[in-house]
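In what follows, a structure is listed as structure tokens, so that the remarks can point back to it.
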Amino acid sequence: MMTAQWLYGITGCLIVALGLRTALLHTLLLQRVIGINIMGAGVFLVLIAVAYRGPGEAPDPVPQALVLTGIVVAVSATALALALARRLAAEPDNG
Amino acid sequence: MNTTAVLVFDILLVLSLLSLAVATLATRDAHRSVILFMAFGLVLALAWGRLMAPDVALAEAAIGAGLSGALLLAAVREQPRQTLTADTNAVHSGNDAGLKVILQSVATLLCVGLAATLSWALAHALQSAPSNALAQAVQENLATSGVSNPVTAVLLNFRAYDTLLELAVLLTAILGIFALGPARPGYRSAGPVFDSLAHWLVPVLILTAGYLLWVGAQAPGGAFQAGAILAAAGVVLQLSGQRTLGLPQERTLHIVIAAGVGMFLLVGLSLLFLGRPFLGYPPAWASALILLIETAAMLAIAATLALAFLGGRPQSPRLNATGEKPAALSTGTLRAAMHPVRSGTDADTNSGYRNSSNEQKQ
């Protein structure tokens, strides 16, 4: 019985839902980008919780490598989304 | 170890994560939201440390909290004032209010359903006996991977395809950013305090990046963390008014951006030519090949993330051919003359001017 896995895993599920709600409903593009980032963080939390094997045990390195890849992909997606938002704001119709 | 103390720590950490996430998403001030998001990232890094994922903790602190925060803050700064405190609930006119409530309820229900489904899937995964097949496969083949850090072994050897494609994603993102328009105008040159801080900070960051790259073979670290630290050095240079971020210009810059994918393909195709599988390193060379690929990947990641902070295609500073060294930091007046000052860059100075002019009127 591993309490830590459950605790962090369920927290990850809740954080995914919270982030998705903001990404769907918020009016500001920037807040939506933050919402998607928080949603990603929740997914990472689920993956790392599954990789955890208890104190003194070596964790599973495969989900950890996935999350590491995910963090870099998330920051590049964020940068692209912010550049898109900036261009959108620069268009005369939306200025 | 005292299990009760650990449990209390876990519960506190989980509660602070949840409350920070709620606070980040609920606040109506974009600036505050970004700051809370960075705090969330740092607490998350603590959670990675607690769950024995130090590689992820390093990446989260440097990229998730640090660079994402810097990108978001730069974006907040550009927004017009009135949208900074936009009301979440004031979307449409009164006629649409009913529709909006329905939409919000549906979306909320959807999210609750998603959380429930995810939790059910997690419960299913945790209750069935944990499958250690992959973890065991990694442990068994670690000796031939060329590194002793299992996460680096997975990233750069066993699942090198994933990392190659990840670098391709980074390259695509920066090309997309370039296509969207020119970079932001540079920041005005900083005062002497920030300049001397940058003088100290940039070399330390470069040294830290080199250390993380080297140590990644047997301890937490690696190309991503090192690249992020190096990109942070670029952001510091940008904030001190260095237009070039310490990066090379034009064609050399394009080579650096493509270096990660390029080196991966070069190594992979050479191995294919020598009769080995694509990216299937011979165990004797694995260590050197991984270090070679990681060095190129670090440079590409650093250049890409630093350029992402500019928010667009860099303008070639024709006047400034030698401005890539931190030593150029001291030529403050020359640089200020060369780089246009962004309007509203220094709110304090502006308000200071305004105050003094008001006083004169009075």
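The values are calculated or read from the model by the stated rules, or taken from the named source; none is laboratory data. Keep in mind that this is a model prediction, so the values were computed, not measured. All Cβ positions, even for glycine, are placed from backbone atoms using ideal geometry, and neighbour counts span all protein chains on display.
Looking at the structure I just gave you, is B:LEU180 in contact with a Lys or Arg (Cβ under 8 Å, 6 or more places away or on another chain), aliphatic (A, V, I, L, M), facing another protein chain (nearest Cβ under 10 Å) and within 18 Å of B:PRO314 (Cβ to Cβ)?
Spelling it out, B:LEU180 is indeed in contact with a Lys or Arg (Cβ under 8 Å, 6 or more places away or on another chain), aliphatic (A, V, I, L, M), facing another protein chain (nearest Cβ under 10 Å) and within 18 Å of B:PRO314 (Cβ to Cβ).
Which of the residues belonging to segment B:124-144 are more than 8 Å from chain A (Cβ to nearest Cβ) and part of a helix (DSSP H, G or I)?
Selection gives B:HIS124, B:GLN127, B:ALA133, B:GLN136, B:ALA137, B:GLU140, B:ASN141, B:LEU142, B:ALA143, B:THR144.
Among the residues of segment B:72-111, which ones are within 28 Å of B:PHE40 (Cα to Cα), at pLDDT 75 or above and more than 9 Å from chain A (Cβ to nearest Cβ)?
Result: B:LEU73, B:ARG77, B:SER105, B:VAL106, B:LEU109.
For A:ARG87, indicate whether it is at pLDDT 90 or above and at the interface with chain B (Cβ under 7 Å from one of its Cβ atoms).
No, not satisfied.
Every residue, every condition in (1) surrounded by fewer than 18 Cβ atoms within 10 Å (Cβ to Cβ); (2) assigned to a helix (DSSP H, G or I); (3) aliphatic (A, V, I, L, M), yes or no:
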residue	(1), (2), (3)
A:GLN31	no, yes, no
A:PHE44	no, yes, no
A:PRO59	no, no, no
A:ALA74	no, yes, yes
A:LEU80	no, yes, yes
A:ALA89	yes, yes, yes
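Residues being assigned to a helix (DSSP H, G or I) and surrounded by fewer than 24 Cβ atoms within 10 Å (Cβ to Cβ): count how many of those fall in segment A:17-29.
So the count comes out to 8.
So A:ILE36 fits all but one of (1) in contact (Cβ under 8 Å) with a residue 24 or more places away in the chain; (2) surrounded by fewer than 20 Cβ atoms within 10 Å (Cβ to Cβ); (3) at the interface with chain B (Cβ under 7 Å from one of its Cβ atoms); what number is the exception?
Result: A:ILE36 fails condition (3) only.
Could you go through segment B:39-47 and let me know if any residue there is more than 7 Å from every other protein chain (Cβ to nearest Cβ), among the β-branched types (Val, Ile, Thr) and either under 16 Å from B:GLY66 (Cβ atoms) or surrounded by 15 or more Cβ atoms within 10 Å (Cβ to Cβ) (or both).
yes
Within segment B:16-35, restricting attention to residues that are under 18 Å from A:LEU14 (Cβ atoms) and facing chain A (nearest Cβ under 9 Å), which residue is surrounded by the fewest Cβ atoms within 10 Å (Cβ to Cβ)?
B:ALA26
Report the residue count in segment B:158-167 for those that are more than 7 Å from chain A (Cβ to nearest Cβ) and surrounded by fewer than 24 Cβ atoms within 10 Å (Cβ to Cβ).
5
Which ones in segment B:267-282 are over 32 Å from the mean Cα position of the chain (by Cα) and surrounded by 12 or more Cβ atoms within 10 Å (Cβ to Cβ)?
Answer for segment B:267-282, where residues must be over 32 Å from the mean Cα position of the chain (by Cα) and surrounded by 12 or more Cβ atoms within 10 Å (Cβ to Cβ): B:LEU272, B:ARG276, B:PRO282.
Given B:LEU205, B:LEU170, which one is more than 30 Å from A:ALA23 (Cβ to Cβ), modelled with pLDDT of 90 or more and surrounded by 14 or more Cβ atoms within 10 Å (Cβ to Cβ)?
Checking each option against the conditions leaves just B:LEU205.
Considering only segment B:251-362, give the helices (runs of 4 or more DSSP H) lying wholly within it that have at least 2 residues that are hydrophobic (A, V, I, L, M, F, W, C) and at pLDDT below 85.
Filter on segment B:251-362 gives B:332-338.
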